[in-house]
Amino acid sequence: MLRQIARLGHAIPAISSRAVAVAVYASATNDLVPAREAGFEGVACVDDAARALELYCDLWDATGLAWTRRWCEGLLDFVLGMQDADGRWVNFIRDWEGTLNVEARTSLAGGDFWQARAMLSLARASATLDDHRIEGALRRGLPHVVEKPAPPDVRSLQILTLLAMSGEDHEQGFRPLLSSWCDELVACAEGGVLMNSVMERGEPHLWAHFQEAALADASTYLRRPDLLVAARRSADALFPDLIRSGFDRPLTSPIDVATSTEVMTRLAKASGDAQYAVLADQARDWFHGRNPAGAPVYDRRVGRVADGIDDGRLNLNSGAESNIVGAQALLAEVTILARSLSVREVSAPSSTRDGDDG
């Protein structure tokens with residue numbers, strides 16, 4: 001995972017001497033592939049860099065290894081460099097020269113998901129990195145979140161962002177807004193299962209389905225046990241059978257599994273119910289072969305995560321999202337691994353290389 005992220009990493013000197021982004025896609029033979037789902041999108045995006053920033057902040061906090069700190073700084077520079085003057089984020093760069101894609105619908109300034117992910121990563125990074133630019137970027141970005149409606153899957157990321165910005169040392173007065181947003185999530189449900197949008201029917205998609213996690217965390221902060229009740233009701237209907245089956249369905253991606261793991265972990269913490277911790281561990285085992293393919297999705301030997309399981313077969317492509325969210329799901333394992341890998345294998349690319357440590 002960490003080795004594959006390093007293989008996908010590119011310096012973006014047009015943004016700064018430290019800035020680094022992660023290539024969106026790579027083939028089974030590690031050839032880099034631009035994103036083209038909505039016409040030509042680009043080679044790297046804020047969505048991936050933001051999640052990587054959270055990952056490397058966690059690793060820096062856990063290990064203190066200098067190379068993890070350099071990843072934090074490089075990813076932070078990239079995320080900050082993708083924000084425009086009025087506080088909105090553009091998502092994609094078209095090339096490794098850092099040319100912004102300001103035309104594709106998946107990259108337009110202020111788009112729901114990349115605006116939310118960028119802000120969540122900065123709120124997380126503010127607890128680790130002493131960088132005055134973070135507060136200013138969050139302040140500029142906040143109106144574009146507060147002043148517009150959002151679907152529940154995006155709103156859940158925004159709730160987690162406000163919770164991260166509402167620590168005991170810097171209460172921001174977000175309680176009324178948080179409470180209102182949580183009520184939005186609870187209201188968008190079918191048979192007690194939280195939906196990702198008002199138009200969704202049947203089983204909701206699992207990628208970025210963090211509603212139960214957001215409600216669980218908010219229930220503690222807001223002292224609203226009703227939110228935890230709603231989160232558990234939805235999670236109990238949606239996740240246990242699927243996790244116990246090894247995600248036995250036609251298509252499953254690492255982000256589906258990582259999201260499920262995160263929801264179970266946060267529910268375990270908020271509720272004190274150990275069954276959710278057991279389910280989180282079972283979900284993690286999908287990466288190690290407890291899945292319809294009967295094969296590891298995470299190849300420890302080469303250090304890469306496959307892009308998923310399609311109709312019982314591994315998809316051997318291995319892009320940014322798969323490796324980043326896989327590392328987040330397996331963070332305890334990855335933290336141990338980080339201390340044993342050679343710096344050369346895992347260092348962030350840089351246009352100005354300085355000394356490394358182990």
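Since every read-out is calculated from the coordinates, none of them should be taken as a lab result. It should be emphasised that the depicted structure is a prediction, and the values quoted were computed from it without experimental measurement. Using ideal geometry, Cβ is built from the backbone for each residue, glycine included, and neighbour counts are taken over all protein chains shown.
A few remarks follow.
- Compared with the alpha-carbon gap, the fully stretched path from SER27 to ASP310 is longer by 100.4 nm at 0.36 nm per residue.
- Here P(r) over Cα pairs in 20 Å bins from 0, in percent was computed from the coordinates, and among (i) 25, 50, 22, 3; (ii) 31, 62, 7; (iii) 27, 55, 17, 1 the match is (ii).
- Spacing of the two label points (7 Å from each Cα toward its C-beta) at ARG300 and SER17, in nm: 4.0 nm
- Only Lys, Arg (+1) and Asp, Glu (-1) charged, at Cβ; the chain dipole about Cα centre in debye: 360 debye
- Estimated FRET transfer efficiency when R0 is 45 angstrom, pair ASP84-GLU333 (beta carbons, to 0.05): 0.75
- Inverse mean reciprocal Cα-Cα distance (Kirkwood Rh) of region 1-131, Å: 14.6 Å
- Inter-label distance for ALA187 and GLU97, nm, one decimal - labels placed 7 Å from Cα along Cα-to-Cβ: 4.9 nm
- Three-way shape call for region 273-336 based on the alpha-carbon gyration tensor, with the a/c threshold at 1.5: oblate
- Simple label model, 7 Å out from Cα along Cβ direction - ARG105 to ALA127, nm: 3.6 nm
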